[in-house]
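Peer 1: Shown below is the structure under consideration.
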Amino acid sequence: MYRTLPDSAILPYALYRAAQVQALDKMAIEQFGIAGETLMQSAGQAAFDYLKKRWPAAQSLVILAGTGNNGGDGYVIARLALQAGLKVQVLQLGDSEKISGDAALHYQRFLQQGGVVDEFVSIDAKVDLIIDAMLGTGLQNNIKGQWLRAVEAVNAHQAAVLAIDLPSGLHADTGVLMGNAVKADATISFIGLKQGMFTARGRAYCGEIVFDSLQIPARVYASQILSARRLDWSKLKSLLPARAADAHKGVFGHLLIIAGSAGYCGAARLAAEAALRSGCGLVSVMTEQACMLQIAAGRPEIMIHDVADEKLLAKLFSRVSAVVIGPGLGQTSRAIDLLTKVLSSSLPAVLDADALNLLSVHPALQALIRADHILTPHPGEAARLLDSSVAVVESDRFAALEAMRKRYPAQLVLKGSGSLIVDAMAKQPPAICSDGNPGMATAGMGDVLSGICGAFLAQQQAPRDAAELAVCLHAAAADRAAEDGQAGMLASDLFPSMRMLINDR
């Protein structure tokens, strides 16, 4: 869940790296004359206003404060809480003698208000709310010592947690844990949203994300090129055109799906129905005989063909407008031949699952990749495409995406928590989908996504738009389906939600 303060319901779509946000802050101070002391006061006030709204019954706060500007924000909150008559305990991490600049000013103001600062040892079990103001966005090394103990104490506590700017221990640029991190119920971020908050572990550790620009002038933001773009269905749905009253099925594209094998027939069925539920006019599936009856019986609207019929394949290539290949396909010699024919054709195509695995080990296939191809790897498939490992991919998803961008000149979707999307042939920064939930961690979700991607390609969406639309529709449909619960959600549970979403615009 995401929110902006004070009055907008939509978070900014621009995302930045930590160094860029620091540059924005510096520019606001040095070139626009906004005092750092004022920015810190505004940040603390915004955080206090939010916590009072989110947790109105909270009467006792523990604020863990570091020695930098993040701690300074914490001291502003502590002073405001004292003035409001709340019980406040500030636990200092690091030597208070090292607090300097604007943070030192607000530290002294808290003391002058009658506040008391204790060294962190433990957290009172009866506190209502914990404020994490320990570390800011510049963390580059794993936390250790008292910092690690404090993070562990916060995560073991029963009280709700509000993180200031970024949960301590979370890397602002990658969203990975630097040893460990505070798992917040909410995070209030200032000046610019950090890209790591929306992918990798960031989504799980930030909780609800709220934002306050601190009234930084628009000209300040013009000084930085955003590092990533946040996307969601509410932003993209306007790309779908209204349907003409005299439209027929041929207007909405004909998608060919080459997928499925013995034991994996469901992959082809899920991809095909996903394409139909995404508005595709016609869907043909070429699959093994073992799957044909099962798919036809389950969804008679899907046209089923024997994948062994090579003459029919050539005919279909002349009739369809896009292809999906890979879900449940296997990695046989026939699969290699089919993939070669798809990549050699002029048709836009989606490569998923076994098509990606074949691509990773056959350089001749890699040479056929084009800008109208969409590759949708999960981290394991991405690792194979890069001759790397899942651990390396997940240690910096942005770096992994950039590495794929250099090797595969296509539309790339790195699936996972906060899926990343990029057009390898464009200079535009990557996009992050901020929709989605853990209920999507179940079999068949990737097959559904490939079918949605193919449907939008078949409906003549530009390849980049098709990839972005598909990822966001897929995630938004999962969010709607998850209203009945995340655990136990099936990939096919997305179909009713998909239909509602593409018609609600």
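Every read-out reported here was derived from the displayed coordinates using simple, explicitly stated rules and does not represent laboratory data. Quick caveat: nothing in here was measured; it's all calculated off a predicted structure. Here the Cβ positions follow ideal geometry from the backbone for every residue, glycine too, while neighbour counts run over all protein chains shown.
Peer 1: With a/c under 1.5 counting as rounded, go ahead and sort the stretch 251-503 into rounded, prolate or oblate using the C-alpha gyration tensor (a ≥ b ≥ c being the square roots of the eigenvalues; past the cut-off, prolate if a/b is larger than b/c, else oblate).
Peer 2: Because its axes are fairly even, with a/c under 1.5, the stretch 251-503 counts as rounded.
Peer 1: Same structure, new question: So if R0 is 41 Å, what FRET efficiency would Q83 and R505 give, r being the distance between their Cβ atoms, rounded to the nearest 0.05?
Peer 2: Numbers: r = 47 Å, r/R0 = 1.14.
Using R0 = 41 Å, I get an efficiency of 0.30.
Peer 1: Looking at the chain, send over the antiparallel percent of its DSSP beta bridges, to the nearest 5.
Peer 2: Working: 9 of 64 bridges.
Antiparallel: roughly 15 percent of the beta bridges in the chain.
Peer 1: Using only Cα atoms, locate the centre of the stretch 194-242 and the centre of the stretch 402-417, then give the distance between them in Å, rounded to an integer.
Peer 2: That distance is 20 Å.
Peer 1: If the chain between S388 and T332 were fully stretched, how many nm would it gain, using 0.36 nm times the residue separation less the Cα-Cα distance?
Peer 2: The span from S388 to T332 would gain 17.8 nm if fully extended.
Peer 1: Compute the long axis of helix 310-319 from its Cα atoms, compare it with the longest principal axis of the Cα atoms of the chain, and write down the angle in degrees, 0 to 90, nearest 10.
Peer 2: Rounded to the nearest ten degrees, it is 60.
Peer 1: Could I ask something else about it? What are the lysines whose alpha-carbon lies under 22 Å from the alpha-carbon of K315, with same-chain residues fewer than 8 places away excluded?
Peer 2: K249, K341
Peer 1: State whether the stretch 451-498 is rounded, prolate or oblate according to the following rule on the C-alpha gyration tensor (a ≥ b ≥ c being the square roots of its eigenvalues): a/c under 1.5 gives rounded; otherwise a/b larger than b/c gives prolate, and the remaining case gives oblate.
Peer 2: prolate
Peer 1: Taking 7 Å along the Cα-to-C-beta vector as the label spot, tell me the R299-A222 distance in nanometres, rounded to one decimal.
Peer 2: Result: 4.9 nm between the two label points.
Peer 1: Work out, step by step, the length gained on full extension between Q215 and K144: first 0.36 nm times the residue separation, then minus their alpha carbon distance; give nm to one decimal.
Peer 2: That pair, Q215 and K144, stretches by 22.0 nm at full extension.
Peer 1: Roughly speaking, what is the centre-to-centre gap between the stretch 425-444 and the stretch 129-175 when only Cα atoms are used, to the nearest Å?
Peer 2: The two parts, judged by their Cα centres, are 25 Å apart.
Peer 1: Another question, then. Given the convex hull of the Cα atoms of the stretch 15-146, what is a quarter of its surface area in nm²?
Peer 2: Taking the Cα atoms of the stretch 15-146, their convex hull projects to 8.9 nm² on average.
Peer 1: Over what distance in Å are the Cα centres of the stretch 32-80 and the stretch 293-319 separated?
Peer 2: 62 Å
Peer 1: So, one more: Check the straight Cα-Cα distances from K126 and name the lysines below 22 Å, setting aside those fewer than 8 residues away within the same chain.
Peer 2: K52, K53, K87, K183
Peer 1: So if R0 is 25 Å, what FRET efficiency would V251 and E310 give, r being the distance between their Cβ atoms, rounded to the nearest 0.05?
Peer 2: Taking R0 as 25 Å, the efficiency between V251 and E310 is 0.25.
Peer 1: Which shape class, rounded, prolate or oblate, goes with the stretch 2-228 when its Cα gyration tensor gives a ≥ b ≥ c as root eigenvalues, a/c under 1.5 marks rounded, and past that a/b bigger than b/c marks prolate? Intermediate values should be presented prior to the final figure.
Peer 2: Numbers: a/c = 1.44, a/b = 1.24, b/c = 1.16.
Rounded, because the longest to shortest axis ratio a/c is under 1.5.
Peer 1: Match the structure shown to one of the listed values (i) 85, 54, 40; (ii) 73, 55, 37; (iii) 85, 41, 41 of Cα extents along the principal axes in Å, computed from it, and give that label.
Peer 2: (iii)
Peer 1: Relative to the first principal axis of the alpha-carbon coordinates of the chain, what is the inclination of helix 101-112, with its axis defined by its Cα atoms, in degrees from 0 to 90 and to the nearest 10?
Peer 2: Helix 101-112 and the main axis of the chain meet at about 50 degrees.
Peer 1: Another question, then. Relative contact order for the chain using alpha-carbon pairs under 8 Å, separation at least 6, rounded to a whole percent?
Peer 2: Contact order relative to length: 13 percent.
Peer 1: By how many degrees, 0 to 90 and rounded to 10, does the Cα axis of helix 494-503 deviate from the longest principal axis of the chain?
Peer 2: So the helix axis and the longest Cα principal axis differ by about 90 degrees.
Peer 1: Turning to a different aspect of this structure: Find out how many positive minus negative residues lie around S395, taking Lys and Arg as positive, Asp and Glu as negative, among other residues whose Cβ is under 14 Å from that of S395. Could the numbers behind the result be given before it?
Peer 2: On the way: positive: R201, R397; negative: D173, E394, D396, E402.
Neighbour charge sum, excluding S395 itself: -2.
Peer 1: Output the lone cysteines of the chain: those with no second cysteine's C-beta under 4.7 Å from their C-beta.
Peer 2: C206, C280, C433, C453, C472
Peer 1: For a Förster distance of 56 Å, can you work out the FRET efficiency between the beta-carbons of T340 and Q112, rounded to the nearest 0.05?
Peer 2: Calculated value: 0.15.
Peer 1: Next up: Using just the helices of the chain, give the 222 nm mean residue ellipticity in deg cm²/dmol: DSSP H runs with n ≥ 4 each add -39,500 (n - 2.57), and the total is spread over all residues, rounded to 500.
Peer 2: The helix contribution divided over the chain gives -12000 deg cm²/dmol.
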